[in-house]
Every structure is written in structure tokens, then in C-alpha cells.
1. What list of ³J(HN,Hα) couplings, whole Hz, do you get for segment 41-46 from phi and the Karplus terms 6.51, -1.76, 1.60, once you set θ to phi - 60° and write x for glycine and proline?
2. For His18 and Ala40, what is the calculated FRET efficiency with R₀ set at 25 Å and r taken between the beta-carbons, to the nearest 0.05?
3. Would you kindly state how much longer the chain becomes between Arg7 and Asn160 on full extension, computed as 0.36 nm times their sequence separation minus their alpha carbon distance, in nm to one decimal?
4. Give me the number: length gained by fully extending Arg86 to Cys169, i.e. 0.36 nm times residue separation minus the C-alpha to C-alpha distance, one decimal in nm.
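Just so it is clear, none of the values below were taken in a lab; they were calculated from the coordinates. Since this is a predicted model, take the numbers as computed values, not measurements. Here Cβ is always computed from backbone atoms with ideal geometry, including for glycine, and neighbour counts include all displayed protein chains.
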Amino acid sequence: MKEAVKRPMFFKFFIAEHSSERMKIPLAFQDYIKGRRPQAVLLTGPSGDSWMVGLIEEEGALYFGGGWPKFVEDHSVQTGDFLVFRYDGEDGFEVQVFDPTMSPREASFFAWNSHRVTTELIGSNGVWPVKQESDTVGAEGSSGIDHFSFQITMKAYHVNQAILPIPRCFSERHVQCHKDYVNVMLCDEGGKRWPVWMIRRKDITKWESWFLSKGFPAFIRDNRVKEGDTCTFELVGPSLLRVRISRA
């Protein structure tokens, strides 16, 4: 039986003060890429999306440079996280992100490359910003050319049952999914993220509706959302909803 080829790898503990703008590649690992050193490499995260990151050589040391801060931001990497880099032998790495408890950082599985143009319908499964000249989404929502939003005043059952119906005029335009659920990410204005399921339900007339469900209780709890609060959900990227909360 042919043995699987073991790919070289290294790991790093992330400290924001030292690694937010660039990250040093261990000197011992640099031997693997000598002679084929590219100007940039492709980092592929747990979500399967990829980020182009430049390489910087300085005083004999090699660093992930240009593009690295966006990789860090998009994956919600924080001080104390543990990152594993597996080299593909050419010009790319697969990256895993673990939190300080050594559990996979859940947000990394929903990360998308925020540098990529997001104003076109680019996939068959997900929630996508669709470019329009003008549009109004939701009974109380508003939208612009690139970003779309809907607004919900929280009722008691929204908070207690932690399930939230999505306005049909929003879901019909932006939800592109052949399954009965889709993974989305909610984020606050500070960039903290919560992975959430958006599920589809059909009534007896076959009319379908979408709801925020699994994962939404954590968002409610962490943000102390109460009855009467108004939440504005803005679609700012593929399957990424930024939420602003106006307190009652």
C-alpha cells in the first residue's frame, strides 16, 4: 500500500501585538521553500476560501506580509489562538485556527475573503448581495447599491425562542439555496462574529419562509437583546450580516 505523503507544517501562537500586521515563518521551515520562494502564497482557511498573502524577506527572516491583516480579520483570530500551517509544496498553505482552549475557532469555518468583489451573484448556495440600481428591502428596511438591510423590532417570542423570521422580500432576492438550511455569519459593528443557521420552512400552501435559528440564541445572549430592541441586519458580503442594535 502506498504511503500518504506527509506535508510539512508549522504552528504559531498568535499574539496580536506581534502578529497582526505580519507573521514570521519559522527559520527551520524556510528550508522547505528555498529555491521556489514565490512573492506571494495562497492561504486556504477552514471555510475553503483563499487569501493571497505577500512574502516579505527581512534580515534573513521571512514573513507573511501584505494581505495577512485581512486574513486575520476575516478569521477573527485573537491573541492566544493557535494556528497550524500545512504547506502544499508549491505556493500555498492550508490553515487551521484553534482558540485558546484548543477547540477549532468556529468563526473560521464561515470566513470569506472580504477583498473579493461581493456585488454580484457568485454562487448557488448562500446569501448573496445582488447589485441593483435601487431597491427597498423589508417592511422597515433600507438598501443601497451594494448593501441591503432589513429591520426587526424584537418581540418576546423572538427573544425567548431565539428564532427570527426573515422578511420574504429579502429572502426571495438574496437567499440562493437548494437545501433547507444555509450557514450565515452575524457580526456586530466591532467585528465579533456568530455563526448561525438560516433554515427554510414551508407551510401547507408550499409557501416558503426563512428563519435565523441554530446559533441565534448565542447572539441574543451575548448581545443582551431584549423585547422592544430594534435590530437592523445589513448584508455586507456573501452570507455575512452585520447587525446594529437600537435599544428600546
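1. Values, residue by residue: 10, 9, 9, 10, x, x Hz.
2. Details: r = 22 Å, r/R0 = 0.86.
Using R0 = 25 Å, I get an efficiency of 0.70.
3. Details: separation 153, 0.36 × 153 = 55.08 nm, distance 4.81 nm.
Net length gain for the segment: 50.3 nm.
4. Values: separation 83, 0.36 × 83 = 29.88 nm, distance 4.33 nm.
Using 0.36 nm per residue and subtracting the Cα-Cα distance, I get 25.6 nm.
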